[in-house]
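Read-outs: derived from the displayed coordinates by stated rules, not from any lab. Treat the numbers as computed from the prediction; the structure is a model and nothing was measured. When we count neighbours, we look across all protein chains shown, and the Cβ atoms used for this are built from the backbone with ideal geometry, even at glycine.
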Amino acid sequence: MKQRDNTILITGGGSGIGAALAQRFHDAGNTVIVAGRRREALEATIAGRANMHAMTLDIEDAGAIEAFAPALTAAHPTLNVLINNAGIMRYEPVDTRRNLADAEAQVVTNLLGPIRLTNALVDHLAGQPDAAIVNVTSGLAFVPLIATATYSATKAALHSYTVSLREALAGRIEVIELAPPAVRTDLTPGQANREGYQPLDAFVDEVMALFGQKPTPREILVEGVKFLRNAEAEGRFDEAVAAIASLASGH
């Protein structure tokens, strides 16, 4: 993926990792469009920055995605990079009967959202030079956090989908996976200040350095996520399951 002169769409660009990446990619010399539900948050991300734009999008709404894609490419015909970052994370008990609204919302937002948006934009991207799709998964794609079972499952599924997409689009669109560790953001209550989680600025510093490598790695993995990414291959899977459960609970 080239480092500058791209036109990049980042979903979930109003806060957290999405907003930070949007501003860093803009600083690197790219035109960046941020998309999300909350217009005020998007406007805060782009405030005072030329060549940054905001477009509202409800990633849970299949019809909204289908309407969004042609409006986006009409307004920004040079769009050549899609970063599927929008996601939600909910703690949920899976050991007893419960209301599944949170589980279903995570499947729609975290998995169907990227699949639908990629589907809506893939033909356009395939016609652009230096096209790329970046899917943001998680270290939990490789080792689940028991307390966020559905979230972990959606990220595991998105990892698998990304592998397939990479092979299907080889030679036409570069497909990259970005798998963050636990980062200090507002993804869940209290996470922005949780001990043991990586500060957002430090995480994005590492990410941008990895994007700067030539060729760009197929998987963008900061040092802090390798404990999870490599756990199964290194025979540490059960240990890793226990370790992240302890970290998340603060014990």
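Any idea what the alpha-carbon Rg over 2.2 N^0.38 Å comes to for the stretch 73-209?
On the way: Rg = 16.2 Å, N = 137, 2.2 N^0.38 = 14.3 Å.
Dividing the Cα Rg of the stretch 73-209 by 2.2 N^0.38 Å gives 1.14.
For the chain, the Kirkwood hydrodynamic radius comes to 18.4 Å, computed from all pairs of different C-alpha atoms. Excluding same-chain neighbours fewer than eight residues apart, the lysines reachable from K155 by a Cα-Cα span under 22 Å are K226.
Between D5 and R49, the FRET efficiency from the beta-carbon distance, with R0 = 22 Å, is close to 0.85.
Which residues in the stretch 140-182 have a backbone N closer than 14 Å to a point placed 7 Å from the Cα of Y91 along the Cα-to-Cβ line? Within reach of a label on Y91: 145-149. Taking K155, K214, K226 in turn, the Gaussian network model of the chain (Cα-Cα springs below 10 Å) assigns the largest fluctuation to K214. The residue list I146, A157, I115 was ranked by how far each Cα lies along the charge dipole of the stretch 112-175 toward its positive end, using unit charges on Cβ atoms, and I146 comes out on top.
Taking the chain as the reference, fit the longest principal axis to its C-alpha atoms, fit the long axis of helix 200-211 to the helix C-alpha atoms, and give the angle between the two in degrees, 0 to 90, nearest 10. Tilt of helix 200-211: around 60 degrees.
With a cut-off of 9 Å between beta carbons, the residues surrounding A105 carry a summed charge of -2, where Lys and Arg count +1 and Asp and Glu -1.
Each part gets one Cα centre, and for the stretch 81-111 versus the stretch 126-155 those centres are 12 Å apart.
Simple point charges give the picture: +1 on the Cβ of Lys and Arg, -1 on the Cβ of Asp and Glu, and for the chain a dipole about the Cα centre of about 220 debye.
At an R0 of 25 angstrom, the distance between the Cβ atoms of S246 and D102 translates into a FRET efficiency of 0.60.
How much length would be gained if the chain were fully extended between E223 and S164, taking 0.36 nm per residue of separation minus their Cα-Cα distance, in nm to one decimal? My answer for the length gained is 18.7 nm. For the chain, set up a GNM with springs between Cα atoms under 10 Å and report which of P199, P129, P215 has the largest fluctuation. Answer for the Gaussian network model of the chain: P215.
Averaging the Cα positions of each part gives two centres, and for the stretch 227-251 and the stretch 16-35 these lie 31 Å apart. Positive end of the dipole of the stretch 23-76 (Cβ unit charges, origin at the Cα centre): among A47, A71, L57, the Cα lying farthest that way belongs to A47.
A Gaussian network model of the chain, with springs between Cα atoms under 10 Å, assigns the largest mean-square fluctuation among A35, A149, A233 to A233.
Axis angle, to the nearest 10 degrees, between helix 62-75 and the longest C-alpha principal axis of the chain: 40 degrees.
Sum -39500 (n - 2.57) across every DSSP H segment of at least 4 residues in the chain, then divide by the residue count to get the 222 nm mean residue ellipticity, nearest 500.
On the way: 9 runs with 104 residues, N = 251.
It lands at -12500 deg cm²/dmol.
Against the chain, whose longest principal axis comes from its Cα atoms, helix 149-168 is set at around 40 degrees.
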